[in-house]
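Below you'll find the structure, written out as structure tokens, and then a few comments.
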Amino acid sequence: MIKKLGWFAAILVLILVVSGCGNENNNASNGKNAKLVEDNSKSNASDDDVTVKIGVQGKGGLFGKAQEQKWFEDAFGELGVKVEWLEFQSGPPMIEAMASNHLDFAGMGNMPPISAQAAGIDFKIISQLLDGKNNVAIIVPKDSPIKNIADLKGKKVAVTKGSNAYNFLYLVLEKAGLGNSDIQEIQLQPDETQPSFESGKLDAWAVWDPYITLNALSGKGKVLADGESEGVLSPSFQLVRSDFANEHPELVTLYLKTFEKARQWEASHQEEAFQRYADERNIPIELVKGMQSRAAMINIPVSDETIADQQNTANFQFELGTIRKEINVADVFDNQYIEEALK
């Protein structure tokens, strides 16, 4: 069993871009909740004086390595373009920053883009970051008598509204013949949920990694259901602000090329990468490896099957009343940039 190492403050910021979840009700407007991480660009500005604004969720991780090596600064600097790094804690404030032209690129889960599209925010999904099989789950306390989804009837289940875990929870409940009135929904953020989960005040928790891995490896909880077991995917995507893409299509391709360089470094230097991530957050490397096994990053065109699944998610959220109008999700997917980047 892993010992406590001041986990929760460290874990919150370990969430990589691929986790991309969060509450729709986060109080963030005009990108003001974004924290400037650093601007390492020293190249001369072009005639247009373009600055690429890249959003990350938390410090460190793969993007931390990229910032240290200046991979993005060097790539964009060759074109006279500057780079700004902006830090966020979840997907919804990233969307709001895009809406106010304060952010150009971001990675997040499948729910914030649906809410954003329904709200009329203009963006494009340019690649897929996670396949979504294992990065979201319902966990229960280690000694819980709950054995399947049907056993959740009447139980207290914590979830963050507006997150991909929220969508996952109600999809698997529906598959089991249950609805929102069949459980006691407790709406909490993960840092609020963890103490209640440990103290036995909750029967179950729908959440994303690293909380799944944290509780499973520490022996505090076990996985009741995840995307793989239930056939419900929770993919993550890379987004770009539409106006930026229309004005600078070559920079969108360059962003994806540079991200792929970083991803390939991680894939070919796993031990070094995982040890780095563990050291920078002062957490056990087993936790990092567990997270990576559940949420290994990809960078691929979005398939027709995934788009269809995203449409089903949007339709389901409309039925739940989470979004107020029906949308055609295919309108925001654009694979041209990732296809060019991977050539």
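Within the range 240-263, restricting attention to residues that are part of a helix (DSSP H, G or I) and touching a strand residue (DSSP E or B) at 6+ places or on another chain (Cβ under 7 Å), which residue is farthest from Asp74 (Cα to Cα)? Write out each step before concluding.
First pass over the range 240-263, keeping only residues part of a helix (DSSP H, G or I): 242-247, 249-263.
Filter once more, so that each one left must be touching a strand residue (DSSP E or B) at 6+ places or on another chain (Cβ under 7 Å): 242, 245, 251-252, 255-256.
Working: Ser242: 24, Ala245: 20, Leu251: 13, Val252: 15, Tyr255: 11, Leu256: 14 Å.
If we take residues in the range 240-263 being part of a helix (DSSP H, G or I) and touching a strand residue (DSSP E or B) at 6+ places or on another chain (Cβ under 7 Å), then Ser242 is farthest from Asp74 (Cα to Cα).
Taking the condition open to solvent by 10 Å² or more (accessible area, probe 1.4 Å), among the aliphatic types (A, V, I, L, M) and assigned to a helix (DSSP H, G or I), does Ala165 pass? Show your work before the answer.
Numbers: open to solvent by 10 Å² or more (accessible area, probe 1.4 Å): no; among the aliphatic types (A, V, I, L, M): yes; assigned to a helix (DSSP H, G or I): yes.
Judged against the criteria, Ala165 is not a match.
Can you work out which of the residues in the range 241-288 that are over 16 Å from Trp71 (Cα atoms) and of a type in the set (Ser, Thr, Tyr) is surrounded by the fewest Cβ atoms within 10 Å (Cβ to Cβ)?
Ranking the qualifying residues of the range 241-288, first place goes to Ser268.
Name the residue that is most open to solvent (accessible area, probe 1.4 Å), counting only residues in the range 56-76 that are not in a helix (DSSP H, G or I) and not polar (S, T, N, Q). Talk me through it step by step, then tell me what you get.
Narrowing the range 56-76 to residues not in a helix (DSSP H, G or I): 56-60, 70.
From the residues that got through so far, the ones that are not polar (S, T, N, Q) too are 56, 58-60, 70.
Values: Val56: 3, Gly58: 5, Lys59: 88, Gly60: 20, Lys70: 70 Å².
Here the answer is Lys59.
Restricting the search to the range 92-137, which residues are of a type in the set (D, E, K, R), touching a Gly at 6+ places or on another chain (Cβ under 7 Å) and at pLDDT 95 or above? I'd like the intermediate steps shown before the answer.
First, pick out the residues of the range 92-137 that are of a type in the set (D, E, K, R): 96, 104, 122, 124, 131, 133.
From what is left, the residues that are touching a Gly at 6+ places or on another chain (Cβ under 7 Å) are 96, 133.
Within the range 92-137, no residue meets the criteria.
Does the range 278-294 contain at least one residue that is part of a loop (DSSP other than H, G, I, E, B), among the small types (Gly, Ala, Ser) and within 20 Å of Ser236 (Cβ to Cβ)? Talk me through it step by step, then tell me what you get.
So in the range 278-294, the residues part of a loop (DSSP other than H, G, I, E, B) come out as 282-284.
So of that shortlist, the ones also among the small types (Gly, Ala, Ser) come out as none.
No; the residues of the range 278-294 include none that is part of a loop (DSSP other than H, G, I, E, B), among the small types (Gly, Ala, Ser) and within 20 Å of Ser236 (Cβ to Cβ).
For the range 112-144: of the residues being in a loop (DSSP other than H, G, I, E, B) and within 18 Å of Ser100 (Cβ to Cβ), which is least open to solvent (accessible area, probe 1.4 Å)? Walk me through how you get there before you give the answer.
Applying the first criterion (in a loop (DSSP other than H, G, I, E, B)) to the range 112-144 yields 119-122, 131-135, 142-144.
The next check asks that each one be within 18 Å of Ser100 (Cβ to Cβ); those that pass are 119-122.
On the way: Ala119: 76, Gly120: 59, Ile121: 43, Asp122: 97 Å².
Across the range 112-144, the extreme among qualifying residues is Ile121.
Here is a yes/no grid of residues against (1) within 22 Å of Phe333 (Cα to Cα); (2) touching a helix residue (DSSP H, G or I) at 6+ places or on another chain (Cβ under 7 Å):
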position	(1), (2)
Val83	no, yes
Leu103	yes, yes
Ala118	yes, no
Leu129	yes, yes
Ala137	no, yes
Val140	no, no
Asp143	no, no
Lys156	no, no
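Test Ile149 against the criterion of being surrounded by 24 or more Cβ atoms within 10 Å (Cβ to Cβ), at pLDDT 90 or above and in contact with a strand residue (DSSP E or B) (Cβ under 8 Å, 6 or more places away or on another chain), and give yes or no.
Working: surrounded by 24 or more Cβ atoms within 10 Å (Cβ to Cβ): no; at pLDDT 90 or above: yes; in contact with a strand residue (DSSP E or B) (Cβ under 8 Å, 6 or more places away or on another chain): yes.
Spelling it out, it is not the case that Ile149 is surrounded by 24 or more Cβ atoms within 10 Å (Cβ to Cβ), at pLDDT 90 or above and in contact with a strand residue (DSSP E or B) (Cβ under 8 Å, 6 or more places away or on another chain).
In the range 221-239, which residues are closer than 15 Å to Ala295 by Cα and assigned to a helix (DSSP H, G or I)?
Selection gives Gly227, Glu228.
Which one is nearest to Thr313 (Cα to Cα) among residues in the range 217-240 that are surrounded by 19 or more Cβ atoms within 10 Å (Cβ to Cβ) and of a type in the set (Gly, Ala, Ser)?
Of everything passing the filter in the range 217-240, Ser234 is nearest to Thr313 (Cα to Cα).
On the given criteria, is Gln310 open to solvent by less than 40 Å² (accessible area, probe 1.4 Å) and under 19 Å from Gly179 (Cα atoms)?
On the way: open to solvent by less than 40 Å² (accessible area, probe 1.4 Å): yes; under 19 Å from Gly179 (Cα atoms): no.
No; evaluated as a whole, the condition is false for this residue.
Checking Gly200 against (1) at positive phi; (2) crowded, with 22+ Cβ neighbours inside 10 Å, only one condition comes out false. Which one?
(2)
Answer yes or no: is there a residue in the range 171-180 that is touching a Gly at 6+ places or on another chain (Cβ under 8 Å), at pLDDT 95 or above and open to solvent by less than 30 Å² (accessible area, probe 1.4 Å).
yes
Of the residues in the range 180-211, how many are closer than 17 Å to Ser90 by Cβ, part of a helix (DSSP H, G or I) and either out of contact with any Pro (no Cβ under 9 Å at 6 or more places or on another chain) or of a type in the set (D, E, K, R) (or both)?
5
Exactly one condition in (1) open to solvent by 20 Å² or more (accessible area, probe 1.4 Å); (2) of a type outside the set (Val, Ile, Thr); (3) within 30 Å of Leu79 (Cβ to Cβ) is false for Asn299; which is it?
Of everything listed in (1) open to solvent by 20 Å² or more (accessible area, probe 1.4 Å); (2) of a type outside the set (Val, Ile, Thr); (3) within 30 Å of Leu79 (Cβ to Cβ), Asn299 misses just condition (1).
Given (1) assigned to a loop (DSSP other than H, G, I, E, B); (2) under 30 Å from Leu62 (Cα atoms), where does Gly177 come up short, assuming only one miss?
Just one mismatch for Gly177, condition (2).
Being part of a loop (DSSP other than H, G, I, E, B) and free of Cβ contacts under 8 Å to residues at least 24 places away in the same chain is the filter; apply it to the range 314-332 and report the residue that is most open to solvent (accessible area, probe 1.4 Å). Even if it seems obvious, please write down each step before you answer.
Taking the range 314-332 first, the residues part of a loop (DSSP other than H, G, I, E, B) are 321-328.
Then drop every residue that is not free of Cβ contacts under 8 Å to residues at least 24 places away in the same chain, which leaves 321, 326, 328.
Numbers: Gly321: 52, Glu326: 134, Asn328: 79 Å².
So, considering only residues that are part of a loop (DSSP other than H, G, I, E, B) and free of Cβ contacts under 8 Å to residues at least 24 places away in the same chain, the one most open to solvent (accessible area, probe 1.4 Å) is Glu326.
The values are calculated or read from the model by the stated rules, or taken from the named source; none is laboratory data. Because the structure is a prediction, the values reported are computed rather than measured. Don't worry about glycine lacking a Cβ; one is built from the backbone with ideal geometry, like all the others, and counts go over all protein chains shown. Accessible surface is based on the protein model in full, side chains and every heavy atom, while ligands, DNA and RNA are left aside. Shrake-Rupley method; radii C 1.70, N 1.55, O 1.52, S 1.80 Å.
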